[in-house]
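The values are calculated or read from the model by the stated rules, or taken from the named source; none is laboratory data. Just so we're clear, the structure is a prediction, and the values are computed from it rather than from any experiment. Here the Cβ is made from the backbone with ideal geometry for all residues, glycine too, and neighbour counts use every protein chain on show. Please note that ligands, DNA and RNA were not included when accessible areas were found on the heavy atoms of the full protein model with its side chains. Shrake-Rupley method; radii C 1.70, N 1.55, O 1.52, S 1.80 Å.
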Amino acid sequence: MIVLGINETHCATAAVLRDGRVVGCASEERFTRLKNDAGYPRRAVDALLAHLDIRPAEIDLVALAGTGGASREWLNGLMHDEAYAREYYGVAWPSPRRRLERRMRRLGRRLGIPATRDKHGLSPEQRLAPLRDHLGSEVRIACLDHHWCHAAAAWFGSGFGDRAALVLTNDNSGDGLCATASTGRGLDLVRHEAAPSAPGSVGSFYSFATLALGMKFGEHEYKVMGLAPYASERGATRAEAALRGVFDLDGGVPATFRWRDRGERYQVLQRATLGLRFDAVAAGAQRRLEDVLRRWVRLMRERHGGARLALGGGVFMNVKANMLLAAEEWVEDLFAFPSCGDESNAVGAAYLGYVEECVRRGETPRPAPFGPAYLGPDVTDAEVEAIIRERRLEGRYAISCPERIEERIADLLVSDGVVARCAGRMEFGARALGNRSILANPSDPRVVGLINRMIKNRDFWMPFAPTVLAERAGDYLVNDKGLASPYMMLAMPTRPEAREAIAAAIHPHDATARPQILERDWNPGYHDVIRAFEQRTGVGAVLNTSFNLHGEPIVCTAADAVDTFERSGLPHLALGNWLISKK
């Protein structure tokens, strides 16, 4: 049985389940090269079906996340047209309607998006037309609730099975809700309660705080989290007190703004933080989110029980908050779905669609845990050889095909510090997990400046993260409950005696890490790179950051990797089994 799950909101994504197992997942942005691209993910669907050798006629069901749809033009306008976004969120005084419409048309032409009569909602016919045109008019389609998809991804992806768990979802908004609490056991997923997204949510509060700091609503929240530890205790306390008057838990509803208008929320946040330092506002917002989220999770546990947590929805991309939830005494295990923003709803929709289709056929569903996230297209030797030939790279760079590419990467990490790696199947989600990564020596703090200056152009306060061999995790990380962290969805304290060895890959102000703990059978080639580096240095970890330039999606193909290599200061590119180095 083949089920195709699709998310059409920001960071549009496609996922393929075959007999209950996720066998493919990729986001449209990787193919269009437009970050967080929205709408029907046609190119991602094509890439996955081609890789998996599936014909459209073999698809049993297409499961769409969300009961309604919005136009690609409008969604991408919010993400990529700063003037329009500022007007929509109430930061700037709205311009006359005609001027706004002209701006949207210009944006549409630039992005190659046809104009729609309604720039917000789509009718069912408008929403389904691209899908039917692509996959055929006979394809069966189901439209599924946004938060049910988040919950299904978290529960079925967790692998908890017959061990009951409290399944929580929390985000900005989706199908009129911002949070739900359910219980999962086996095939049963029972929702107990849900919170409406109006007049506000913990996700919208944090996003409006991001906007008030001059950063992008819905995209730069991770920067606020990274900035927060730099604030002084006095500044953070003042900011948190000021923001408590704006936003708090209210009668079990996750959190409530007391103003309905978007512009008013922004103005209230600005007035509350007037005169406070930039880093203090970030710290205050982070503390508010952590406090409200912990109190809400405790309340849900009191009402509905559960010693395990399965988490979905964009709020749980906040790894610092996840760390605090994991530290709760009553939590025995915690699973945060990887890249659990709306992109994860493609997987949740596919899980739900699969279970419903099995029930319809009278069969027993057997959904498999999510497992390794290497679910995108592969990089083949033929593809690499073709790009070397087409781009005439041999005359401009030193190119070789080492017998043991993993050993050569380790040598270069020791001698030169930084190597980009593009090999195997592409990872799903916002975190690079070794196959589309820039790797560096974690013991050398100089690589931080090198990567930021020559490659990533990141904000100076943003920390990098480590990949740690599972067999060495106890040497570097404080993880008393032995929680799995294969997807970089949890922050953890680090051991003081080991911080020098991974100094470049931890937060410089609070010494926490956002680790990928790597089991060899999840990615043997990447594990061998780190093992070879360990044999040379004694350090069983590397610095791992996503292989992309700032503001661009993570690379997908060999051509993307070469293009980024040539436009950056990267000294070395390990491309499949080939090594390309600047002379």
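Note on region 250-337: enclosed helices (runs of 4 or more DSSP H) holding 2 or more residues that are of a type in the set (Val, Ile, Thr) and at pLDDT 95 or above are 278-304.
You will find that of Glu427, Glu407, the residue that is touching a residue at least 40 places away in the same chain (Cβ under 8 Å) and within 21 Å of the chain's Cα centre (by Cα) is Glu427 and no other. Scanning region 410-423 for residues that are over 28 Å from the mean Cα position of the chain (by Cα) and not small (Gly, Ala, Ser), we see that the one that is least open to solvent (accessible area, probe 1.4 Å) is Leu412.
The set of residues from region 497-524 being assigned to a helix (DSSP H, G or I) and either surrounded by fewer than 17 Cβ atoms within 10 Å (Cβ to Cβ) or among the basic types (Lys, Arg) (or both) comprises Glu497, Arg499, Glu500, Arg520, Asp521, Pro524. Among the strands (runs of 3 or more DSSP E) confined to region 147-214, the ones with at least 1 residues that are open to solvent by less than 10 Å² (accessible area, probe 1.4 Å) and of a type in the set (Ser, Thr, Tyr) are located at 165-174, 177-185. Looking across region 27-49 at every residue that is open to solvent by 10 Å² or more (accessible area, probe 1.4 Å), hydrophobic (A, V, I, L, M, F, W, C) and out of contact with any Gly (no Cβ under 9 Å at 6 or more places or on another chain), the one that is farthest from Asp171 (Cα to Cα) is identified as Phe31.
Is at least one residue of region 410-430 in a helix (DSSP H, G or I), over 26 Å from His550 (Cα atoms) and at pLDDT 95 or above? Among the residues of region 410-430, at least one is in a helix (DSSP H, G or I), over 26 Å from His550 (Cα atoms) and at pLDDT 95 or above, which makes the answer yes. Going by the structure shown, is Arg360 open to solvent by 10 Å² or more (accessible area, probe 1.4 Å) and among the charged types (D, E, K, R)? Yes.
With respect to the conditions (1) surrounded by 19 or more Cβ atoms within 10 Å (Cβ to Cβ); (2) under 25 Å from Leu549 (Cβ atoms); (3) β-branched (Val, Ile, Thr), Val468 falls short on a single one, namely (2). Among the residues of region 374-392, is there at least one that is surrounded by 14 or more Cβ atoms within 10 Å (Cβ to Cβ), in contact with an Asp or Glu (Cβ under 6 Å, 6 or more places away or on another chain), in a loop (DSSP other than H, G, I, E, B) and at negative phi? No: region 374-392 contains no residue that is surrounded by 14 or more Cβ atoms within 10 Å (Cβ to Cβ), in contact with an Asp or Glu (Cβ under 6 Å, 6 or more places away or on another chain), in a loop (DSSP other than H, G, I, E, B) and at negative phi. It is to be established whether one or more residues within region 201-219 are of a type in the set (Val, Ile, Thr), farther than 15 Å from Val268 by Cα and out of contact with any Cys (no Cβ under 9 Å at 6 or more places or on another chain). No, because not a single residue in region 201-219 is of a type in the set (Val, Ile, Thr), farther than 15 Å from Val268 by Cα and out of contact with any Cys (no Cβ under 9 Å at 6 or more places or on another chain). For region 533-583, filtering for residues that are over 20 Å from Ala503 (Cβ atoms), aliphatic (A, V, I, L, M) and open to solvent by less than 10 Å² (accessible area, probe 1.4 Å) leaves 10. Taken together, the residues in region 12-26 that are on the phi > 0 side of the Ramachandran plot and open to solvent by 10 Å² or more (accessible area, probe 1.4 Å) amount to 1. Kindly indicate whether any position in region 144-167 is modelled with pLDDT under 95, of a type outside the set (Ser, Thr, Tyr) and either touching a His at 6+ places or on another chain (Cβ under 7 Å) or closer than 17 Å to Ala65 by Cα (or both). Looking through region 144-167, none of the residues is modelled with pLDDT under 95, of a type outside the set (Ser, Thr, Tyr) and either touching a His at 6+ places or on another chain (Cβ under 7 Å) or closer than 17 Å to Ala65 by Cα (or both).
Tell me whether region 479-486 contains one or more residues that are farther than 23 Å from Leu311 by Cα, open to solvent by 10 Å² or more (accessible area, probe 1.4 Å) and either assigned to a loop (DSSP other than H, G, I, E, B) or of a type outside the set (D, E, K, R) (or both). No, the conditions are met nowhere in region 479-486.
Tell me, yes or no, whether region 467-477 has at least one residue that is assigned to a loop (DSSP other than H, G, I, E, B) and either over 27 Å from Lys216 (Cβ atoms) or not aliphatic (A, V, I, L, M) (or both). Checking region 467-477: not a single residue is assigned to a loop (DSSP other than H, G, I, E, B) and either over 27 Å from Lys216 (Cβ atoms) or not aliphatic (A, V, I, L, M) (or both).
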